[in-house]
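Below is one structure; the comments refer to it alone.
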Ligand code: BG6
């Protein structure tokens with residue numbers, strides 16, 4: 001099939017299988033000396049540069065309170081990215097793109113100085129992309145100052161602002177931030193990031209579900225018994241206690257990453273693969289999730305968490321949670337969805353498991369239908385991105401020797417398509433430069449996702465008495481998470497034991 005593009009026709013493979021290079025941009029990173037910028041943003045931008053996807057005239061301005069000079073900032077980035085000094089021309093070229101501006105996010109005069117640097121004849125017609133890698137209370141002061149100094153006006157070119165998660169601390173703060181932003185930016189200028197949406201397997205959910213015939217007829221309560229989503233980490237709170245001890249795992253992982261994955265797995269088909277059609281369907285799905293009953297939620301803390309640097313010795317913050325949800329719509333009513341995420345567990349693993357119902361009847365003498373392996377579709381998000389389908393099958397040997405087999409593939413074993421797989425942040429930074437909002441969160445979605453968890457968060461905050469279960473570090477989490485499923489005669493599919 002060929003598709004017209006106004007310049008003659010191109011095949012659909014050419015249209016979809018080639019990364020669209022970013023247009024020429026000015027990228028401005030607020031919080032440039034912070035952890036996120038060093039660990040994720042600069043490496044992602046370098047990855048785009050290395051793959052030839054960053055425009056040669058794109059410039060990156062780091063901003064922050066730290067008083068770096070141009071040289072010391074480049075040295076800092078070089079140390080983070082290349083361990084010391086750049087050793088190739090490509091690395092050298094990337095560093096030359098970077099500059100640094102000292103900026104206090106609450107001072108308008110600092111922004112006026114930034115505007116003088118950016119709104120010049122050679123730069124002002126390029127799109128400007130401001131990345132707020134900042135604590136969320138600084139978002140509004142920073143955007144207000146961008147606005148006051150004219151940096152958000154689209155008189156000359158596109159102006160976009162990327163907001164790191166968490167967007168808000170609760171429903172009220174998210175609604176209030178959205179309201180304030182409405183006066184300063186249009187929704188088309190706002191890119192709320194959730195880096196899980198940039199992960200390969202998460203994007204693949206769209207294709208698996210909507211580009212194949214075989215799954216969709218089975219993708220409902222008639223055939224699916226349960227859905228489980230796990231995001232387990234071996235890391236503890238590390239150096240982020242200041243943020244994490246306030247937030248807890250529900251704000252950190254469930255309100256965003258787990259809910260985004262769940263909505264892609266369970267939403268209805270959008271009419272077309274476009275930013276708003278996809279986000280409309282996600283919104284409908286999130287709105288259909290039933291209020292979470294506290295009895296369907298487990299929270300726990302890893303042992304010695306309160307002794308970690310920066311954590312309050314009296315902290316009741318949850319480092320692990322497991323929830324049971326229901327989606328009140330025709331497709332999913334009665335299908336339990338189990339979510340769990342935690343820090344300091346036995347393995348680092350993110351997986352979505354779709355568990356199918358058992359066969360209606362066993363025709364095999366002496367074997368009950370419950371004894372047959374249920375089909376399970378495993379979508380492995382990390383560490384190895386891939387898909388598996390567990391089936392009951394004949395084992396070699398005696399006539400009716402049965403056992404579970406898994407058909408599987410992982411992305412790492414696929415022959416290279418000629419295009420590098422982009423890391424999640426690189427994918428999202430590229431989409432933002434190209435003005436594609438499909439993988440970013442819209443204001444109504446963020447509000448409804450906070451709304452979903454707010455009742456539970458309030459309930460936990462008010463409950464100062466009940467004991468928070470503890471779990472051993474690097475274990476598979478608390479027994480209570482298993483008990484949550486036991487009530488439904490179910491078990492977690494994926495073990496979190498260190499292999
Ligand atoms: C972040 C959370 O959004 O995601 C962190 O704030 C968490 O606490 C991280 O560690 C996990 O991301 P990934 O890509 O390593 O699974």
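The values are calculated or read from the model by the stated rules, or taken from the named source; none is laboratory data. Quantities reported herein were computed from a predicted structural model and do not represent experimental measurements. Virtual Cβ from ideal backbone geometry, glycine too; neighbours counted across all protein chains shown.
Name every residue in region 477-499 that is over 14 Å from residue 319 (Cβ atoms) and either in contact with a helix residue (DSSP H, G or I) (Cβ under 6 Å, 6 or more places away or on another chain) or assigned to a loop (DSSP other than H, G, I, E, B) (or both), in order of residue number. Answer for region 477-499, where residues must be over 14 Å from residue 319 (Cβ atoms) and either in contact with a helix residue (DSSP H, G or I) (Cβ under 6 Å, 6 or more places away or on another chain) or assigned to a loop (DSSP other than H, G, I, E, B) (or both): 487, 488, 489, 490, 491, 492, 493, 494, 495, 497, 498, 499. Within region 160-182, the set of residues being in contact with a strand residue (DSSP E or B) (Cβ under 7 Å, 6 or more places away or on another chain), modelled with pLDDT under 95 and either over 26 Å from residue 384 (Cα atoms) or surrounded by fewer than 18 Cβ atoms within 10 Å (Cβ to Cβ) (or both) comprises 167 only.
Looking across region 341-354 at every residue that is within 14 Å of the ligand (Cβ to nearest atom) and part of a strand (DSSP E or B), the one that is farthest from the chain's Cα centre (by Cα) is identified as 345. Answer yes if at least one residue in region 207-225 is buried (at least 17 other Cβ atoms within 10 Å of the Cβ), within 16 Å of the ligand (Cβ to nearest atom) and in contact (Cβ under 8 Å) with a residue 12 or more places away in the chain, and no otherwise. No, region 207-225 has no match at all. Residues of region 232-260 that are part of a helix (DSSP H, G or I) and farther than 19 Å from residue 298 by Cβ: 241, 242, 243, 245, 246, 256, 260. Out of 72, 101, one residue alone is in contact with a strand residue (DSSP E or B) (Cβ under 9 Å, 6 or more places away or on another chain) and farther than 17 Å from residue 28 by Cβ. It is 72. Among residues of region 248-271 that are touching a residue at least 40 places away in the same chain (Cβ under 8 Å) and at positive phi, those with a Cβ under 6 angstrom from a residue that is within 16 Å of the ligand (Cβ to nearest atom) and in a loop (DSSP other than H, G, I, E, B), sequence gap 6+ or separate chain, pair up as 248/317; 248/318. Between 328, 353, the distinction of being buried (at least 17 other Cβ atoms within 10 Å of the Cβ) and in contact (Cβ under 8 Å) with a residue 40 or more places away in the chain belongs to 353 only.
Taken as a whole, region 183-205 holds at least one residue that is buried (at least 22 other Cβ atoms within 10 Å of the Cβ), more than 11 Å from the ligand (Cβ to nearest atom), modelled with pLDDT under 95 and part of a helix (DSSP H, G or I). In the set (1) away from the ligand (no atom under 16 Å from the Cβ); (2) within 24 Å of the chain's Cα centre (by Cα); (3) buried (at least 16 other Cβ atoms within 10 Å of the Cβ), the condition left unmet by residue 250 is number (1).
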